[in-house]
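What follows is a single structure, written as structure tokens, with notes after it.
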Amino acid sequence: MDFASRRKRFVSQIDAPVLLMAGGFLSRNYPANTFPYRADSTFLYFFERPEPGSAAFFDPASGKVTLFLAERTVADALWHGALEPFEAVKARQQIDAVLPVEELEQHVTAFANGRQIRSLAVADWKATKRARAITGEGLDFDDPEKSGDGPLRELIARLRLHKGADELAEIRRLVPVTREAHLAAMAHSKPGVSEQFLAGQVEGAFGRGACVPAYGTILSVRGEVLHNHDHRNVLQKGDIVLLDAGAEGIDSGYCNDVTRDWPVGGAFSPEGRDIYDLVLASELDAISAVKPGMRYRDLHLRASRVLADGLVRIGLLKGNADGLVESGAHAVFFPHGLGHQLGLDVHDLETFGDRIHYPNGRTRSKQFGTQYLRMDLDLAEGMVFTIEPGLYFVPQIINDPKFREQFATQVNWALAEKFLAMNGGRGFGGIRIEDDIACTATGAEVLTHSIPKVRSEIEALVGTA
Ligand code: GLY
Ligand code: MN
Ligand code: MN
């Protein structure tokens, strides 16, 4: 990655000084027992292997970038290992100056010399608090509209949304590791095996590939719980395992985000086959429609229509695809958006809010399901995003009197109930198929194409360990 060029491009485009915080260690229970450190994604975009607790000051007047690092102490060397001397970091990072982060406030106040400093909220609340005190901005990481000055967010998004060849190469480099994780979980899936054991296979594969999980592993026989991080179930014959997991490069921070599903015990039931093939058909159709200029919401609606059409054939919906999607009836079974941007964040730049993902006055739909669509951008060459349709049988949706009334004639509720009752009363669950896509000059590159998703191929891999 050419970090120096990225910084140069950025500092030449800002009109006020910018202070960025890397963030540091956050405690898991008592202060010294911390979660693994992961730098803020924008900081990772500009610096190689950022140190915890570091900060950076970008000055448009001089074009200079100053990096602030923790003072090197004997105690730190003893407990955590010696760090590179400031001069070595300065040379490696090609930085104009390196100063102690303990003196951040006094230095940046002097550098700014009365100019308003802009900053960004980061996941580490202590770093955000410090940036808030220095800049006087009302930064709040949990509120996208307070994650930073609007034009600053837009500028950073313009840089980060369009991936260069180096970023695409890094995302591709991770795919064999993500593939190994999915194949290991498929191979070890047998009746009597716990979800937690499979999650261990997944995360072990990430470690063997010198990666970490890009997000909390979603692995469950309760695939209808969209982001199920609870791994307490034991697999039974007839269950469908949904695995949504992706590797993250330990140095780069770039990631994958992939979902696959498979039947416990070897083969899908007839209903499982129908639903699986329909989700895959809608995924492949959406991928085939990717090209520069394609509006992402239209891609979402297109996938929704393919799903609705298939659900009519299966008998779960009644009517025609256009009418069903217009009314939102399809969302009883497809209650989320088609996907999101991907890069240094799994949901890339989500902290910057809809100002980035719904540009040009576009706004979120108010309709159930489509309201969860995380972006409505026109696709452009270099954008990387997911395509991840799914179909789910969620008891709380299917038994909701409001939906029953709203879609009384469009949903075959009796058949939906049968899906809830099948598999020995445990229910059908859910199926999602997710790949990482790069928009090219003419269409789509499926970055994660090597991870099997053809049904017969998947079935042949299950339980082979
Ligand atoms: N892995 C979370 C998602 O697919 O959005
Ligand atoms: Mn995703
Ligand atoms: Mn995912």
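Quick notes
- Rough spin-label spacing in nm, given labels placed 7 Å along Cα→Cβ, for Arg426 and Gln13: 5.0
- What the phi angles of the stretch 451-465 give under the Karplus curve with 6.51, -1.76 and 1.60, with θ = phi - 60°, is a coupling list of 8, x, 9, 5, 4, 5, 5, 4, 4, 6, 8, 5, x, 7, 5 Hz, glycine and proline written as x.
- Estimated translational diffusion coefficient (Stokes-Einstein, Kirkwood radius over Cα pairs, 4 °C, 1.567 mPa s) of the stretch 2-98: 90 µm² per second.
- Solution diffusion estimate, µm²/s, Stokes-Einstein, the stretch 128-229, Kirkwood Rh from C-alpha pairs, 10 °C, viscosity 1.306 mPa s: 93
- Accessible surface of the chain, 1.4 Å probe: 53 percent of it comes from carbon and sulfur atoms.
- Dipole magnitude for the stretch 1-110: about 400 debye, using +1 per Lys or Arg Cβ and -1 per Asp or Glu Cβ, origin at the Cα centre.
- What you get for the chain, charging only the Cβ of Lys and Arg (+1) and of Asp and Glu (-1), is a dipole of about 380 debye around the Cα centre.
- Here's the picture: charge each Lys and Arg Cβ at +1 and each Asp and Glu Cβ at -1 in the chain, and of Leu379, Ile397, Val346 the one pushed furthest to the positive end of that dipole is Ile397.
- Per-residue HN-Hα couplings for the stretch 238-250 [Karplus 6.51, -1.76, 1.60; θ = phi - 60°; Hz; x = Gly/Pro]: x, 6, 10, 8, 10, 10, 10, 8, x, 7, 10, x, 5
- Per residue, the accessible area of the chain comes to 42 Å² when a 1.4 Å probe rolls over the protein heavy atoms.
- About its Cα centre, the dipole of the stretch 172-279 is roughly 320 debye, where the only charges are +1 on Lys and Arg Cβ and -1 on Asp and Glu Cβ.
- The stretch 177-323 - Rg over Rh from alpha carbon coordinates, Kirkwood radius: 1.02
- Of all lysines in the structure, those lying under 19 Å Cα to Cα from Lys237, and not within fewer than 8 positions of it along the same chain, are Lys190, Lys418.
- Quotient of Cα Rg and 2.2 N^0.38 Å for the chain, N being how many residues it contains: 1.05
- Shape of the stretch 380-448, Cα gyration tensor, a/c cut at 1.5: prolate
- For the stretch 81-142, the normalised intensity computed at q = 0.12, 0.15, 0.18, 0.25 Å⁻¹ comes to -0.40, -0.60, -0.81, -1.05 (log10 of I(q)/I(0), Debye sum over alpha carbons, equal scatterers, no solvent).
- Intensity falloff of the stretch 270-369 expressed as log10 I(q)/I(0), Debye formula with alpha-carbon point scatterers, at q = 0.12 Å⁻¹: -0.45
- Mean residue ellipticity, 222 nm, helices only, the chain: the sum of -39500 (n - 2.57) across DSSP H runs of n ≥ 4, divided by residue count and rounded to 500, is -11000 deg cm²/dmol.
- The angle between the Cα long axis of helix 296-314 and the main principal axis of the chain comes to about 20°, on a 0 to 90 degree scale.
- Amide H contacts for Val411 (H built 1.01 Å from N in the peptide plane; partners 5 or more residues away or on another chain; cut-off under 5 Å): Lys318.
- Nearest-ten-degree value, helix 150-161 long axis tilted from longest Cα axis of the chain: 70
- Among the listed pairs Lys129/Lys366; Lys8/Lys163; Lys90/Lys129; Lys126/Lys163, those whose Cα-Cα separation exceeds 25 Å are Lys129/Lys366; Lys90/Lys129; Lys126/Lys163.
- Using θ = phi - 60° and Karplus 6.51 cos²θ - 1.76 cosθ + 1.60, couplings along the stretch 279-285 (whole Hz; Gly, Pro as x): 4, 5, 4, 5, 5, 5, 5
- Zone residues, the stretch 429-465, relative to Lys291, backbone N less than 20 Å from point 7 Å out along Cα-to-Cβ: 437-447
- Packing-based ranking, highest mean first, of 380-387, 289-296, 241-248 given that Cβ atoms within 10 Å are counted: 241-248, 380-387, 289-296
The values are calculated or read from the model by the stated rules, or taken from the named source; none is laboratory data. Since we're looking at a predicted model, the values are computed, not measured. Backbone-built Cβ (ideal geometry, glycine too); neighbour counts: all protein chains shown. SASA here: full protein model, heavy atoms, side chains in, ligands and nucleic acids out. Shrake-Rupley method; radii C 1.70, N 1.55, O 1.52, S 1.80 Å.
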